[in-house]
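Here is the structure we will look at.
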Amino acid sequence: MKVHGIPFFLILILLLLTGTTSRGAENPVRKDSGTTSPAPLSSESATSRERSKEDEDLPYKNLSVFMESLMILRSKYVDEEKITYENLLRAAMRGMLQELDPFSTYEEPEAFQNTVEDSMGKFPGIGVVITERDDALEIISVMEESPAAKAGLRSGDLILEIDGKHTRMMYLDECVKRMKGAVGTKVKLKVYRRSSDATKDVEIERAVIAVPSVKGAGLVSGRIGYLRITQFTATTASDLDHALSMLKKSPLHGLIIDLRNNPGGLLTAAIETVSRFIEKGRPVVSIEGRAEKKVSHNAVGCPKDLELPIAILINENSASAAEIFAACMQDYKRAILVGTRSFGKGSVQVIIPLSDGGALRITTAKYYTPGRREIHERGVDPDIAVHTSPAGTAAIARHFSERGDQVPLVRDGKYRDVQLERAIEILKGVHIFRQAEK
């Protein structure tokens, strides 16, 4: 129902506001020996009550200002097509959530559907994982064999423009939406690369991005096994089981799990995967926030290997669920972490569907490791720090992309993966030590 072009529900809100913003001015009274007099209030209690009353009225006061602004925009803004109630309210929701932290957002119906598709391991797009860092749109990782990888994009590249639109003025979900699209269509990006201090324009054709969860399983040296988890999805634990069964056809002296450039994924997938290496019932991660004081997630029952020596590779692009996996293995001394400090994304986002088909993605808590370490904005430090230059990190990502699902090489011409090399040395040393103890 509308009254003179204004939706009835907005008029109802305005009427409610005018009826709830009045404030009583009289002091409470107390009856004493048949007389009525003002109650003697201490300055502390009076201030407390006044503050309580003010806090109670404050939301209505601010909502009235919001409604006033909405009406002004509707009547005076120059581009009428931009000021539909749907556009204005959705923009207000995005702005409200984006002000809180980089990971909270309002997902429009199309974006929410993409989120659901992403968690299943397939989606249309170009094959990059992005985040906002220092007010810039940065590529965290480029998926192997994706259109973005074939176009030469790398981790650490900054996306300055999408189809001629500056990303600085866009919300993260809008950037994601613009890069996704129908298979076979193209998107133009302007990209800045720090290592060369240069920008370049690229045109990339969108495709169906199938995200393989476990890649490159094989032997890297002697009986040292290797596998790379590219992202934690619904199939990661079962993919890991399959890879391990293949690797264990011959006795293994150790296993390298590569989490470099892994942007995270599903918490449940990380818990199921780490459960393969720790006892059932042991805490994997705890979640603490305002609504829930503490929720602990424990290892589940599944096929387990509690003895195999493990080294885990991490770098500055290992984030979220990858950090939870690595930190849990580190706390239980179940694996040796090799590489550089991880990204530091340890906050919990809950996705709540809305009646319009969209959803609220809101930060509700933070993750804590079994040893009570906080991951958010701190990251996970490796046990053995092995640093690479930005060019070296880019070379590793490029090597992953070019070799696809093959076992990575420690050395290949000028290319040298010093982190992988160190992990192999460590596991060989552990095997020698164990043999000497027998």
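For a protection proxy built on the mean count of beta-carbon atoms within 10 angstrom, sort 382-392, 316-326 highest first, please. Could the numbers behind the result be given before it?
Working: 382-392: 14.8, 316-326: 28.1.
Top of the packing list down: 316-326, 382-392.
Specify which residue in the list ILE126, VAL142, SER195 is farthest towards the positive end of the charge dipole of the range 122-209, using unit charges on the beta carbon of Lys, Arg (+1) and Asp, Glu (-1), about the Cα centre.
Value computed over the given set: ILE126.
Could you pull out every one of the lysines with an alpha carbon less than 19 Å from that of LYS345, ignoring same-chain neighbours closer than 8 positions?
LYS294, LYS366
Beta carbons within 10 angstrom, averaged per residue: use that to sort the peptides 140-147, 304-311, 327-334, 64-71, highest first. Could the numbers behind the result be given before it?
Details: 140-147: 22.9, 304-311: 16.5, 327-334: 20.9, 64-71: 13.8.
Ranking the peptides 140-147, 304-311, 327-334, 64-71 by packing returns 140-147, 327-334, 304-311, 64-71.
In terms of modelled amide H atoms, which long-range or inter-chain residues lie less than 5 Å from the amide H of SER141?
VAL129
Taking only C-alpha pairs under 8 Å that are 6+ residues apart, what is the relative contact order of the range 212-437 in percent?
With pairs under 8 Å counted, the relative contact order is 20 percent.
Sorted by average packing, counted as other Cβ atoms within 10 angstrom per residue and highest first, what order do 91-97, 424-430 take? List each step's numbers first, then the result.
Working: 91-97: 15.4, 424-430: 18.1.
Top to bottom by mean Cβ count within 10 Å: 424-430, 91-97.
Over the range 122-209, how many pairs of lysines fall under 21 Å by alpha carbon, counting only those 8 or more apart in sequence or from different chains?
So the count of such lysine pairs works out to 25.
Kirkwood hydrodynamic radius of the range 122-209 from all distinct Cα pairs, in Å?
Hydrodynamic radius (Kirkwood, Cα pairs) of the range 122-209 is 12.7 Å.
About its Cα centre, what dipole magnitude does the range 212-437 give when the only charges are +1 on Lys and Arg Cβ and -1 on Asp and Glu Cβ, stated in debye to the nearest 20? Each step should come with its number before you reach the end.
Working: 30 positive and 24 negative charges, 41 e Å.
Its charge dipole is roughly 200 debye.
Straight-line reach from LYS76: which lysines have Cα under 20 Å away, leaving out those fewer than 8 places along the same chain?
Once the sequence-local lysines are set aside, what remains near LYS76 is LYS2.
Which ³J(HN,Hα) values, rounded to whole Hz and listed in residue order, are derived for the range 343-360 from phi using the Karplus coefficients 6.51, -1.76 and 1.60 in 6.51 cos²θ - 1.76 cosθ + 1.60 with θ = phi - 60°, glycine and proline given as x?
Values, residue by residue: 5, x, 10, x, 10, 9, 10, 9, 9, 10, x, 10, 5, 8, x, x, 7, 9 Hz.
Give the span of the range 212-437's Cα atoms along each principal axis, as three whole-Å numbers ordered largest to smallest.
55, 40, 29
How about LYS61: which lysines have a C-alpha closer than 21 Å to its C-alpha, ignoring those fewer than 8 places off in the same chain?
Answer for LYS61, where 21 Å is the Cα cut-off: LYS53, listed by chain and number.
From the backbone phi of the range 192-199, what are the Karplus-calculated ³J(HN,Hα) couplings (6.51 cos²θ - 1.76 cosθ + 1.60, θ = phi - 60°) in whole Hz, Gly and Pro given as x?
Result, ordered by residue: 10, 10, 5, 4, 10, 6, 9, 10 Hz.
Values quoted throughout were computed directly from the atomic coordinates according to the rules given, and no laboratory measurement underlies them. All figures in this text were calculated on a predicted structure; none of them were measured in a lab. Positions of Cβ are backbone-derived with ideal geometry, glycine not excepted, and every protein chain shown enters the neighbour counts.
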